[in-house]
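The values are calculated or read from the model by the stated rules, or taken from the named source; none is laboratory data. Keep in mind that this is a model prediction, so the values were computed, not measured. In this analysis, Cβ positions are derived from the backbone assuming ideal geometry, glycine residues included, and neighbour counts consider all displayed protein chains. These accessible areas exclude ligands, DNA and RNA; they are computed on the full protein's heavy atoms, side chains included. Shrake-Rupley method; radii C 1.70, N 1.55, O 1.52, S 1.80 Å.
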Amino acid sequence: MKIIIHMLATLTIIGILSGGLLSQLNGWAAPKIKKHKEAETAAAILVVQPDKVSQQKIENIPFEAYKVFDKENQFIGYAMVYEGNGFQGKIRLMAGVNKDVSKITGIKVLEHSETPGLGDKITGEWFTGEFSNLTCAPQIDWVKGTPPSKENEIQTITAATISSKSVVAILNNGLEELRKVSEEGGK
């Protein structure tokens with residue numbers, strides 16, 4: 001009985017110390033992680049909206065979006081962060097869109113857990129490049145195994161069709177939400 005009490009006391013002390021250390025580590029790392037994420041977002045906005053000079057976060061919406069302005073401080077479009085399910089897990093991406101939400105200026109995959117060598121090809125320049133200047137109204141469509149024939153189509157990646165279709169679905173869902181924000185004036 002004495003051994004059990006000793007073991008429980010030891011484990012309790014180790015648990016309390018570990019929890020305290022993890023809490024301190026989190027308190028130290030959380031601001032650094034937030035700052036890094038903000039820098040990553042600003043860099044991604046520049047990729048999806050190359051003419052961007054400044055951005056203004058749109059508040060009170062259920063996803064992350066920004067109004068983007070050029071060097072004359074003219075509104076040129078939006079940059080939105082949206083996520084959804086892929087083949088292996090969540091895909092989080094950023095898309096740049098013109099001001100009337102009818103054309104995509106570019107996309108960047110921010111986070112994913114797709115299969116290395118297959119689904120992770122959604123981050124490649126060939127695939128993301130398909131979205132540059134892509135018509136997204138009424139929605140984005142995809143084709144498999146043949147080159148796109150319409151202004152709003154992209155070609156899926158061979159052996160990563162589900163991941164490709166997931167990116168299209170995420171974008172279509174995000175664009176639908178962004179259109180609602182745009183119609184309300186994007187507070």
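Here the condition is being more than 25 Å from LEU46 (Cα to Cα) and crowded, with 17+ Cβ neighbours inside 10 Å; of ALA95, ALA160, ALA79, it holds for ALA160 alone.
Based on what the data block shows, is ILE33 within 17 Å of the chain's Cα centre (by Cα) and either open to solvent by 100 Å² or more (accessible area, probe 1.4 Å) or farther than 29 Å from GLU184 by Cβ (or both)? So ILE33 fits the description; yes.
Would you check which residues across the stretch 130-146 are among the hydroxyl-bearing types (Ser, Thr, Tyr), surrounded by 14 or more Cβ atoms within 10 Å (Cβ to Cβ) and more than 17 Å from GLU177 (Cα to Cα) and list them? Even if it seems obvious, please write down each step before you answer.
Step one: list which residues in the stretch 130-146 are among the hydroxyl-bearing types (Ser, Thr, Tyr), which gives 132, 135, 146.
Within this subset, residues satisfying the condition of being surrounded by 14 or more Cβ atoms within 10 Å (Cβ to Cβ) are 132, 135.
Passing the criteria: only SER132.
Taking the criterion of being of a type in the set (S, T, N, Q) and either crowded, with 21+ Cβ neighbours inside 10 Å or at pLDDT below 90 (or both), the only residue of the stretch 98-112 that qualifies is THR105. Looking across the stretch 48-64 at every residue that is over 13 Å from ALA95 (Cβ atoms) and of a type in the set (S, T, N, Q), the one that is surrounded by the most Cβ atoms within 10 Å (Cβ to Cβ) is identified as GLN55.
Does GLU183 fit the bill of being within 19 Å of the chain's Cα centre (by Cα), under 16 Å from MET80 (Cα atoms) and surrounded by fewer than 20 Cβ atoms within 10 Å (Cβ to Cβ)? Reasoning before the result, please.
Values: within 19 Å of the chain's Cα centre (by Cα): no; under 16 Å from MET80 (Cα atoms): yes; surrounded by fewer than 20 Cβ atoms within 10 Å (Cβ to Cβ): yes.
So GLU183 fails the test.
For the stretch 8-85, give me every one of the strands (runs of 3 or more DSSP E) that falls completely inside it and has 2 or more residues that are over 19 Å from ILE107 (Cβ atoms). In the stretch 8-85, 54-57 are the strands (runs of 3 or more DSSP E) which contain 2 or more residues that are over 19 Å from ILE107 (Cβ atoms).
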